[in-house]
Structure formats: structure tokens, C-alpha cells
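*Asks:* Mind looking over this structure? Questions follow.
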Amino acid sequence: MSQRTLILAATTATATALAALTGAAAQAAPHVTSTPAAAAVGAASADFVGAQGTYQQVTPTRILDTRYGNGAPKARVGAGQEISVLVAGRAGVPQGITAAVVNLTAVDTTASTYLTAYASGTTRPTTSSLNVVARNTRANLVTVPVGADGRIRIFNSSGSTDILADVLGAYNGLATPSTGIGSQYFNSDPQRFYDSRTDGGAYVPGEYVWVNADWGSDINSKVTAYAANITVLQGTASGYVAAGPNASPSTSTVNYGRNQTIANMSVVPSSMIEGFPGFYVINRGPGSVQIIIDVVGLYTKGEDSGLRFRAVPPRRIIDTRYGVGGYGTPVPADTSRQYTAPSSVAGVDTFALVANTTIVKPTLSTWVTTYSNDLPKPGVSNLNAAAGETAANSTFVGLGASNLFRVHNAKGSAPILMDVMGTFEAYPATPPAAPATGSSQARDAATRTPSLNPSRVQSSRG
């Protein structure tokens, strides 16, 4: 395998058919102004100290619900308004964190809108975190930098909406010594772990699927969470699915409407299932729905090396409407475009981007796949959108040699945007010392960590 990425490479034993799409109403366009250039990240190649950059998992907890005054005043958030939400020191989240992993939900919007989540005490970036159509409820995973006061801010563009936020975990900063070393991240070859369309059909209310994988005896007991993209489609009624380490997850993961195809990324805590690390996804809706699970990476605890998170000022690195990233035209059908992660966000030790990817009003129902330039296009999807809909989803994008990656659009044509909020960097850093600021050359192949392949992936319904 030529991929530069620090990797736990999954071998598939499951179907890899891409998600079929159904119709949905159009959504509001995201913020159109490109983010000003951030400082170059040569410093990102410097090594981490102690627990810095490791992931602290918490029990998924709702820290914001404007319907009930949880975390903010009991009031809908109006057009052009924003709210402040305390994250650090709540729900098991330690103080001194650099970023939080939050499932952000807009509930019953009065107009098509977008939300932007960002660090308290900083200027609101010209990026979007969540796009949602009028009179709809939609969720999106966001990895949002946290201010020095332990808070984040959430801005609403248009209309009014209630806003929910469920915290899943956080990344340690230098000021979090009490938590100890958290989990480190590893990319894996993007792989379809499960597709109910080819394995038993739609899920009725309360029915769940559990999936697990064998990563080898040295790794299995160290797995703490999976980075998984969960797609639902063909729902017979509006509802939601929840993912977690057991069959009764406490918070929602993907909210869906009737006959809507929608995906949401999640960092799902794992548990040992029949001796192997895995997780559950359950249908909490009143009707039936199809469920697809794609895994793009995993977190482990106790490894000497891995990838650690570094927050960066939110920056738009792709916007095909304005030529940001090198292309100034919509992405055609069945086309993969190659991009370079710029030196403003990626350095010599960057192995993956933590980003929000948006597709704007495609001409046909479609899906988008992002992947390392060192890999063939995988049989997974990161983002689904109906014709005329604007939709966004969090994406963990593996980088190949020279920090190259690809974005593929399946059908029709559409503008595509990508906003970067952070990166996963090699730990320990590559010897010798980091290159000069602005360098984005690839690491030498000899410094790569060997890939590990699980012997199997399995699933079961309950």
C-alpha cells in the first residue's frame, strides 16, 4: 500500500454499494465569503507535549437545548443572533481543552439557514457548520475550537431556530494534566461496515444493529471509539437514529425526514462485543428506515505513536464557486478532483484534515466521497444531497503524499466547499526537526507506520 497515512487499513467483507438517493427539499446556501488566510502552520510539525492533542471521550451528554433553557436562555435563536455555550468543566469535559466534538442540531427552522460554531473570544469565521432547510430538523458533527474561557459560540444566519448540542468528547490542551493521556487517532481505509439494503432490509422502530471488527490481539483491547459516517434513507416517517457503545444510546446521531437520504459523521464510543471492539446503531423513529455505516478511522489508547489533533483557525480551502482551491467550476458527474491541503492548514506531519464539506444545490441527487490521493476511490459516501439541496457533513479526510486528496461527485454537477477546523498530526513528530514555515512536503515513505488489517468485520441485528 502506497498511502502515506498512519493507518489501520480495513479489509472489507461487506457490500460496498454506494448510497441510493431520494428527494428532499432545497437547503439554504452556506456563507459565501472565503475565509481570510490563516497563519501558515509550520509550527504544526512541532511535537506534542504530554497529553496534548489526545482525545478525551465522555458519555454523550446534551449541553445545549434552547427549548428548555439548558446551556443558554430558553428562547429560539433569531436571524443574525448567536449564543454562548460553556463546554469545559461540564458533562465530564476537562478544563484546558483545545476543541470539543459536538453533535449540533437545528430544530424546526423558520427559514433555510446555516449555523456557524466557533471559539469564544475569536472573530466569527466566514465558514458554516450546519446547513438546514426551512421547517426541518438536521444535525451535523462539528469539531469546534474552544476559547480560553471554555466556551464556544453558535451563530444563526436566517429565520429562527432552536439549537441543540450533544458533547461527545474533547481534545486535550497543555492545560489538562489531570485527565492523563487520552486516545490517539488512526486513519483506516474508508470501508462500508454495514448496509441494511443488502443485509436484512429496513429497520423497524427500536431495532438495532451492532458492528464490530477484529483488529488483532494487540489492538482490539485498546480501541476506544470509531470515526463513522452513518447514512439513513427510505424512512417511512421522520425520526432519528442513535449510535453508541450499547443498545440504548442516550443522544441522537442522525435526524431524518420521511423519504430523506441524510448522513452524519460521528465519533462513536466502542465496547467489546463478543471479544471485539464495536458499537450499536438503533432506529429511534416511529417508522422504518435503511441504515448504512461507513468507518474511516478509530481511536486507541495505550499506543506509543499515532495521530493527535491540532486545532486551526477555521479556513475555507475549497469553494468551486469562486476558484478557492484551484477549480472555479462545479464538479461534474462521476468526477474526482485532486486537491492539495494548503500550507496554511497542513504541514510535514499532517496526515488528515478535520473538515466540514458542503455541496450546494446539485443538479441531480448525488453523493460525495473524499479520500486520500494514495488510495483508489473507496465504495463509501461522506455526504448525500438531493437535487437542489444544500447539505453539509463533517469529514475526516486522509492525506496522501504531498498532502494530496481527492473529492468525488457521483451524479449531476454541483459546487463543493470544504472548511477545515483542525488536523491530525503524527506523534512523535517526524525527525529531524520540522521544516521551515509554509512547507507541506510529504514525509519520507520510510517513516510511515505499517498498516494493520483486521481479519474480519461482522454485524448482527437485534
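*Asks:* Report the charge-dipole magnitude of the stretch 316-394 in Debye, nearest 20, computed about the Cα centre from +1 at each Lys and Arg Cβ and -1 at each Asp and Glu Cβ. Numbers along the way, then the final one.
*Replies:* Working: 5 positive and 5 negative charges, 37 e Å.
Its charge dipole is roughly 180 debye.
*Asks:* Can you list the equivalent-ellipsoid semi-axes of the stretch 94-154, largest first and in whole Å, using the square root of 5 times each Cα gyration tensor eigenvalue? Could the numbers behind the result be given before it?
*Replies:* Numbers: eigenvalues 114, 28, 13 Å².
Square roots of five times the eigenvalues give 24, 12, 8 Å.
*Asks:* Let me ask something else. What trypsin sites (Lys or Arg not before Pro) does the stretch 181-251 have in DSSP loop regions with at most 10 other beta carbons within 10 Å? Show your work: numbers first, answer last.
*Replies:* Numbers: sites: Arg192, Arg197, Lys222; in loops: none.
Those that pass, being in a loop and sparsely packed, number zero.
*Asks:* When each pair of different Cα atoms in the stretch 255-316 is counted once in the 1/r mean, what is the Kirkwood radius in angstroms, to one decimal? Numbers along the way, then the final one.
*Replies:* Values: mean 1/r = 0.0644 Å⁻¹.
So the Kirkwood estimate lands at 15.5 Å.
*Asks:* Turning to a different aspect of this structure: How far is it, in nm, from the label point at Ser271 to the one at Arg90 when both lie 7 Å from their Cα along the line to the Cβ?
*Replies:* 2.6 nm
*Asks:* Which of Thr370, Ala385, Ala352 sits farthest toward the positive end of the charge dipole of the stretch 322-413, with +1 on the Cβ of Lys and Arg and -1 on the Cβ of Asp and Glu?
*Replies:* Ala385
*Asks:* Tell me which aspartates and glutamates have Cα within less than 20 Å of Lys361's Cα, excluding those fewer than 8 residues away on the same chain?
*Replies:* Cross-link targets: Asp319, Asp334, Glu389, Asp419.
*Asks:* Also, I was wondering about something else. Evaluate the distance, in nm, between pseudo-label points positioned 7 Å from the Cα of Ala175 and of Asn259 along their respective Cα→Cβ axes.
*Replies:* Result: 5.2 nm between the two label points.
*Asks:* Taking the alpha-carbon set of the stretch 74-201, what are its Rg and Dmax in Å?
*Replies:* My reading of the Cα-based Rg and Dmax gives 16.9, 50 Å.
*Asks:* At a 1.4 Å probe radius, which order do Arg308, Arg67 fall into by accessible area, largest first?
*Replies:* Working: Arg308 10, Arg67 80 Å².
Per-residue accessible area, sorted high to low, gives Arg67, Arg308.
*Asks:* Can I ask one more? What nm value, rounded to one decimal, do you get for the distance between Ser248 and Ala75 when each label is placed 7 Å out toward the C-beta?
*Replies:* 3.7 nm
*Asks:* Quick one: dipole size for the stretch 255-335, taken about the Cα centre, charges +1 on Lys/Arg Cβ and -1 on Asp/Glu Cβ, in debye to the nearest 20.
*Replies:* Values: 8 positive and 6 negative charges, 87 e Å.
Its charge dipole is roughly 420 debye.
*Asks:* Name the lysines eligible as straight-distance cross-link partners of Lys222: C-alpha to C-alpha under 28 Å, and not fewer than 8 places from it in the same chain.
*Replies:* Those lysines meeting the cut-off are Lys301.
*Asks:* Please give every one of the lysines within straight-line cross-link reach of Lys377, meaning a C-alpha to C-alpha distance under 22 Å, and leave out same-chain neighbours fewer than 8 residues apart.
*Replies:* Excluding near neighbours in sequence, the set is Lys411.
*Asks:* Another question, if that's okay. In whole Å, what are the extents of the stretch 314-411 along the principal axes defined by its C-alpha atoms, from largest to smallest?
*Replies:* Largest first, the stretch 314-411 extends 39, 29, 20 Å along its Cα principal axes.
The values are calculated or read from the model by the stated rules, or taken from the named source; none is laboratory data. Quick caveat: nothing in here was measured; it's all calculated off a predicted structure. Positions of Cβ are generated from backbone atoms using ideal geometry, with glycine treated the same way; all protein chains shown enter the neighbour counts. Each accessible area value is taken on the protein alone, full model and side chains, heavy atoms only, with ligands, DNA and RNA left out. Shrake-Rupley method; radii C 1.70, N 1.55, O 1.52, S 1.80 Å.
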